[in-house]
Each structure stands twice: as structure tokens, then as C-alpha cells.
Amino acid sequence: MAKKAASLFAILVTLTISIVGLIMALHGLHSYDNTKQRLQQQLIWQVQRDLQVMAENISAPMEAYAVNEYQKLVANKLRLSSGLAILVDDLKMGQIMGQSSYRSGYVRTPGGELREFKPNHPEHQALLDASFYSQRQGISDAEGKLIGWISLYASGEELQARLDQLLLERLIDSLALSGLLIIALFLAIRMLLVRPLLDMVRGINDADADGIPRQPVGEDGPMEIQQLAQTINHMLGAIDRSRRELRLEHQALERERERFQLAVEGSHDGTWDWDMRTNRLYKSSRFTQMLGYQPEDLPDTIEAWSSLIHPEDQEQAHQRVKDYLATRGQGVYESTFRMRTQDGQWRWITGRGKAVFAEDGTPLRFVGFNTDVTRQIRQQQELQEQKQLLQYQANHDALTGLANRSLFSERLEQAIARARRGNLKLALLFIDLDHFKEVNDSLGHRTGDKVLSSVSQRLQQSIRAEDTLGRLGGDEFAILMEDITQEQDASIRAEAILEAIARPFRIDEHEFYLGSSIGISIFPDNGLNARDLLKNADAALFKAKNEGRNNFQYYSAEMTTLAFERLQLETALRLAVANEEFVVYYQPQIDMAQNRIVGAEALVRWQHPSMGLVSPARFIPIAESSGLIVDIDRLVMRMAMRQLVDWHRQGLAHGSLALNLSVKHVHRKDFISSVVEALVESYCDPAWLEFEVTETQVMDNPEEAISMLYRLNNLGIRLALDDFGTGHSSLAYLKRMPISKLKIDQSFVRDLPDDAEDAAISKAVIALAQSLNLDLLAEGIENQQQIDFMLQQGCHKAQGYFYARPLPAEEMTAFYTNWPRRAQS
């Protein structure tokens, strides 16, 4: 007796419950993990957005030292959010407080209350360490300079609560869904297994007169049911399949035909079909319409089609067809050519096609389509023209059309390579216009541009046809002379250039004169590559300017030595700024009539560790050109203010302390704020100070300088105009300046009273100061005769070696202490 098999229904029920349970468990875990990652990412994005907004909002208050204002912003933001803490690191306030940064902010306690953050509070630090996520964002001022940081710490408690709730919801949903799925599968088993068996019985019973079922029985269910159904359906299967295959093939062919017809009618391309046995050519209506013809205008021959091709393109077009046919249909035929339209114009056409060949390789039929690509071709041509224009602009100066620095350097490298191969010499002339800046400042950039264009024309007329002329930037030009036989060839050319530039320029209604300075370097004597030749020509140019301008100089090795020494000094100067190696000397200012101290001038000195005391004449020009003068100015300002406050506390200070300002420092946007910061830091009264600016500095940009002087004056700082008479200031500007003192330059005092010209100038300056009700001080007083002259002319104040050289702070303190006794003697 056969063993009774397990019920198929029971097997399926067991498997269903197991599989559904496993799937729902995996699905729940996967859904929970995805949701957790999404919530975490949302929290991180929120932190990043809040950081960016807070950084922008805090920038202005932080730049204005408004700590309370941005603290309110931080507190309000933390109160309205679920964050753990928001901290701010203020670099500017930190500098004032002598720290790297001033840290402040608020934290949220476990009870939800906001507390002001205390860096040394262990509970506050523990809260930050326990944060789920934190991020820091830099805070920049309006110039993009970093002035602080803002940090936001997010708590993970809210996230964990949401995840716990989510886990519970997912568990409930999974259980409910599993139950529903199991019930649904129970019903499906009944419908899909039990019912097919009953349907198969009914189908077998529904037979025709011959006993053959009228309809195939269902083949769904387990293997036993499928085998039984296949046996029953075997007799009808072959006939039914054949009938269905024929029907499907017919439908497929019909759809293909309709698809091709729609493609042809809807396409912008013109189709053609060349019967190569009869040489007849079928053309679609679009084929002729794209050329402006009617179908009846063109005969159905390949010759008629060929006659429309542009004469210049016919050979290439025919050859493409021959080449393709020679491959016996390998690949796809493609060719682009021009075809004549009905109105006589030419259109660019791209033809593509495929040929059908007989077994012996004879072409039978060639089918394809033509596409009008005129627009694309023209766009490509326009792009090519634009590319060429951009290439030209990238290598040429926009104003003069000359080679720019990039192209000139490239041609110089190429010329060096040719000279090296041929053992030849070449010369590089570096040209700079003298006093061009005055033209720009006085007449405007529009006139300056016209001058540069005129200069470039004169230079082109002064060089050989084979020479290369370039504008390297600003008022700098360069000339490359190849294949020179002797170095004098370059000097001849330089003389011609000096003469050409020296001729008067007439621009609009103005006539003026310019000069030029030229530096010359020779290959291979002064350099073996473009970089060295340019550098050495620039050094020679610098020498030409130092020699009085409007001349040319050849490069020499001594210039490299001087340039190297200057570079070493600049490097040492940068270290000196970082190490604060500068000291302040003070030169007293005396009322010559009353023989009393009326002030002092602060003068910087560099105390180098190995070189000793470095003269300002050596390092001040380097500091000016490198920009280090700003840092030196600020260092001297702070040191002098602290010393002045100390003298006032000792009761030794007399009058005001004069500080010299560099033009680069005055034109800095943060100049006023740096002065205020130094005053606050040193507790210095602005009324004790006097800032000196030179006449030349003011006239570089008079409007801006006058505005800045008024802002200084509004702080309570007095202003003096130094080196008066050595520049080119006008009385109109002088009257507008908020200055209280003129200083007569020592160059006019040195030869008094013997030099009549200096005496006349000094008298004129004194008279001008008296007429403008300005105080006066003479610099460089060294003998009694100069004192007598100044007193006789009405100038009572002076400074110079007659009274004292510049003294370090300790000696100046002694000078203050001993002066009453010295004055009486």
C-alpha cells in the first residue's frame, strides 16, 4: 500500500507563512535603516543651512565688535531650534583681549533650559562631547577676510525618540501586513490551485461530439496538474500554435509597414531609393521640398540628382559612393556636400544609406536619406570663427593689438631655441614709460589708453619688420630682436625708441611729453631662458630709472648681486615683522624762541640680531615696495602710543607725539579701525598725537586722502604736512586739508642762510603757513645761524641734530628729565 503523501495545500500554507514572515522582517529592517539614515541626513543638512545663515547674519556685528548683538542672535536661534549648543569664536575680539579668539555662545541643559556657555565648565564640555553631530563654519568680513568661526552642536535625543517610535510603528505595520498577506495567499491557493482542478474537470466534460474538448484545459497548478493538462491539450496544441503564429506574423508585418510609413512622412529627412539595375531613383516629397523643388521638377534619374551637387563637391561625393560600394555593404554610407536649391542657393546636405548586394557582389539597391545640415555647418563655422577670435584675444593685447605677455613669452622661447641651434645672439628690450601715471591721474584712463595706442604705433615704426613687439601690461612694452650681429644693434634701436617717445603727444586738446626707460638683456650673455632674460632686462630697466629715466641700460652681473641682496633683505625684513625686531627712536621738537620742548617725532629703527641697527634708508624703500610698511606702521604706532602713555603717567610728556604714515597704510580700508584699535589698546588720548603725511602721498590720490584726513581729524588727532615744498600740491588742495602744521623739509634748511634759493623757498613756505594760520616746524636744524634765520622769519619750532639726534626711549626719558636744567644753561 503506498504511503499517503502530505497534503499539497498544507505544504503551501506552511511555506507561505514562513516566507511572508521572513520577507516582512527583512523589509522592516531595511525600511528602518533607510529612514534612520534619511533622518540623520536631514539633521545634518539642517545644521549646515543654519550654520550658513548664522555666519552671514553674525558677520556684520562681529566686524563692528558688537558682541552683545550677535549673542542675541545666537540665543534666539538656539531657543527656536532643537539644537544642543551654538558657539562663536571671535578672532577680532580675541585680538583685543590678547587671545587667539573670544569664545562665547549658549548650550541647552538636559532640562531644556538655555545657559551661557562657559569654556571651563565641565558640564558644558560634557554636553558638547555627547552631541550627535557638530560642524564649524568660517565667518568672513566684507572683504572675504576670516574674522571668526561659528559652531553648531546637534543633540541625538530627538532623533533617537523618532527612531524608537518608528521601530514600533514598523513592527505593528509588519504584523498587520503579514496577516493580510497570509490571508490573501490562503485565498490565492484556493483560487489558483483548487479551482484549476475543478475547472479542468469541467473542461474535459465540455467536449464536442467527437469527445474532444472544445477549449484547452487550464495548465496552472502543481506538476501533476500540468502533466495531465498537457496530455489533454497535446492533440489541439499544434494546430492552435500554427494558427496563432501566422496571425502574429501578419500583425507584426502590418505594424512595421505602418511604422516605416509614419517615419517617412514625419521625418524632416528626404528618403531615396536607387534601383541600381534600372538606374531609376525614387525620391520622397521631402527630398525635393528641402531643395525648393516640386516632385515633377526633377526626373527620376541618378544623373538629375548628381547635377544638383556643387561642382566643387561632385568628385568627393561620387568617390564616397564608389568607396562604399567597393566594400560590398560594410558599414554605412555617409557623405556631406552642397546641393543647389530651386532659387539658386546652396544647402549643405548629409546623405546616409545602405546598399543591398547580390550573392556575386553586384549592387542591386541603394536606400537612404538626405538631411539638411546647413544650420549645423554654419554654426560650426561661426564657432570656429569665435574660437579663432578668442585665440587671438587670448594672445594679444585688447587695446593695442600687440602680442600680450603670454604670446611674447612663447615667441621669446621659440627665438631662444632658434638662436641656440644657430649659435646666434638676440636682444630683449624692456620699455617702461616715464611719468605715465601722472597722465592717467590728471587726464583720465580714456586719454591714457589713447597714449598707449599712440606709443605702440611709434614703437612699431621704430623696429625692424622681423622684430617682435609686445605689451606686457600697463605701460610696459618689450621688443625681441633676433639675429643681431653685435650688441650695439640693440642700443641703436633703443636710441630710436627714446627719440620716438620723446616727441610731443597730441591727444584730443592736450599736448604733453613723455619719456621712456629701457632695460636690455642679451642672449646668451645675460640668460639662457626666457625667464632669466626678462628678469635681467627688468633689472636693467630699474637701473635706467635710477639713472634719471629717459635712457637705456644694458644688464650687468652687478645688478643681479644688488637684486639678490635686496631679496635677502626683504626676507629678513619679513622675519623682523614677525619677530617684532623694530624699535622706536624719538627726536624732540623745540620751541626755539622759548627754549622749551613742544613735542617729539617717533622714528622707526630696525635692530637686526646680526646686522645690528639697520638704517631706515636701507629697509624703508623695500618695506614700501613689498607692502610690509603697513605692518611696520602699525607696530610702530602701538609701541609709540604705549610709550607716550607711560611718559604721561610719569609727568614727562611735552606737547604731541608725531607719527609718520605711509601712503599704503592710509589707503587701506581698515586704516581708521586699526588706529582706533591701537588707541583703545594703549589707552592713548588722540589729542596727544599728531600724524604726519607727506605732500607726495596726498597728491597721489588727493580726494581719497583728504577724506581720510578728515576722518582722522574727527578722532581728535592733529595732522601735519611733512616735506612741504618737495612735491606738487596745489593751494586749492592745501586749503581743503584739515592740517594744523606745515613742516619745512630739511633739504631747504641744510644750506641756510647762505643759499639764496633755499632762503627764498623757506620764506615763501613760512609766509604761506602764516597766511593760512598754520603752525610751522623746520626740520634739520644743525647750527645757530639756521635758528636765527628761522626765528627772524617767524618760524619758532624746529627739530634737528642741534638739539638732539633721534634717541631710544630710555635716552628720550632722560632728555625729558634733564631738559629744564639744560635749557637754563
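The values are calculated or read from the model by the stated rules, or taken from the named source; none is laboratory data. This structure is a prediction, so every number in the text was calculated from the model and none was measured. Don't worry about glycine lacking a Cβ; one is built from the backbone with ideal geometry, like all the others, and counts go over all protein chains shown. Please note that ligands, DNA and RNA were not included when accessible areas were found on the heavy atoms of the full protein model with its side chains. Shrake-Rupley method; radii C 1.70, N 1.55, O 1.52, S 1.80 Å.
Miscellaneous remarks
- Under the condition of being within 53 Å of the chain's Cα centre (by Cα) and either assigned to a loop (DSSP other than H, G, I, E, B) or aromatic (F, W, Y) (or both), the residues counted in region 291-334 number 8.
Residues checked against (1) in a helix (DSSP H, G or I); (2) in contact with a strand residue (DSSP E or B) (Cβ under 8 Å, 6 or more places away or on another chain); (3) open to solvent by 40 Å² or more (accessible area, probe 1.4 Å); (4) not assigned by the TED database to the domain that holds D432:
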{"site": "L533", "(1), (2), (3), (4)": "yes, yes, no, no"}
{"site": "N536", "(1), (2), (3), (4)": "yes, yes, no, no"}
{"site": "F542", "(1), (2), (3), (4)": "yes, yes, yes, no"}
{"site": "G548", "(1), (2), (3), (4)": "no, no, yes, no"}
{"site": "A593", "(1), (2), (3), (4)": "no, no, yes, yes"}
{"site": "F619", "(1), (2), (3), (4)": "yes, yes, no, yes"}
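- Here L84 meets the list (1) closer than 21 Å to L146 by Cα; (2) buried (at least 19 other Cβ atoms within 10 Å of the Cβ) almost entirely, failing just condition (1).
- Considering region 649-695, the residues that are among the small types (G, A, S) and open to solvent by 40 Å² or more (accessible area, probe 1.4 Å) include one that is nearest to L719 (Cα to Cα), namely A687.
- Just one of the listed residues (A398, A355, A326, A394) is over 28 Å from Q457 (Cβ atoms), of a type in the set (A, V, I, L, M) and loosely packed, with under 12 Cβ neighbours inside 10 Å, namely A326.
- Filtered residues of region 103-116 (kept if open to solvent by 10 Å² or more (accessible area, probe 1.4 Å) and within 18 Å of L152 (Cβ to Cβ)): R103, Y106, R108, T109, G112, L114, R115, E116
Listed here are the residues, each with its yes/no results for (1) over 30 Å from E704 (Cα atoms); (2) open to solvent by 20 Å² or more (accessible area, probe 1.4 Å); (3) in contact with a Cys (Cβ under 8 Å, 6 or more places away or on another chain); (4) not assigned by the TED database to the domain that holds G527.
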position	(1), (2), (3), (4)
A419	yes, no, no, no
L426	yes, no, no, no
D432	no, no, no, no
N440	no, yes, no, no
D449	no, yes, no, no
Q457	yes, yes, no, no
G474	no, yes, no, no
Q488	yes, yes, no, no
A494	yes, no, no, no
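- Any hit, region 256-274, residues being modelled with pLDDT of 75 or more, on the phi > 0 side of the Ramachandran plot and open to solvent by less than 100 Å² (accessible area, probe 1.4 Å): no
- Of all residues in region 335-381, those that are part of a helix (DSSP H, G or I) and β-branched (V, I, T) total 2.
- Subset tally (residues that are touching a Leu at 6+ places or on another chain (Cβ under 7 Å), open to solvent by less than 20 Å² (accessible area, probe 1.4 Å) and within 19 Å of Q643 (Cα to Cα)) for region 792-821: 1
- The criterion of at least 2 residues that are closer than 30 Å to E681 by Cα is met by the following strands (runs of 3 or more DSSP E) wholly inside region 80-138: 85-90, 102-108.
- Pair list, Cβ under 8 Å, 6 or more apart: region 716-738 residue closer than 22 Å to A600 by Cα, other residue at pLDDT 70 or above and open to solvent by 70 Å² or more (accessible area, probe 1.4 Å): P738/Y710
- Tabulated pairs, region 53-74, first open to solvent by less than 30 Å² (accessible area, probe 1.4 Å), second outside any loop (DSSP other than H, G, I, E, B) and of a type in the set (D, E), C-beta under 6 angstrom, 6+ apart or interchain: P61/E69; M62/D90
- Check on L613, open to solvent by 20 Å² or more (accessible area, probe 1.4 Å) and not assigned by the TED database to the domain that holds G98: yes
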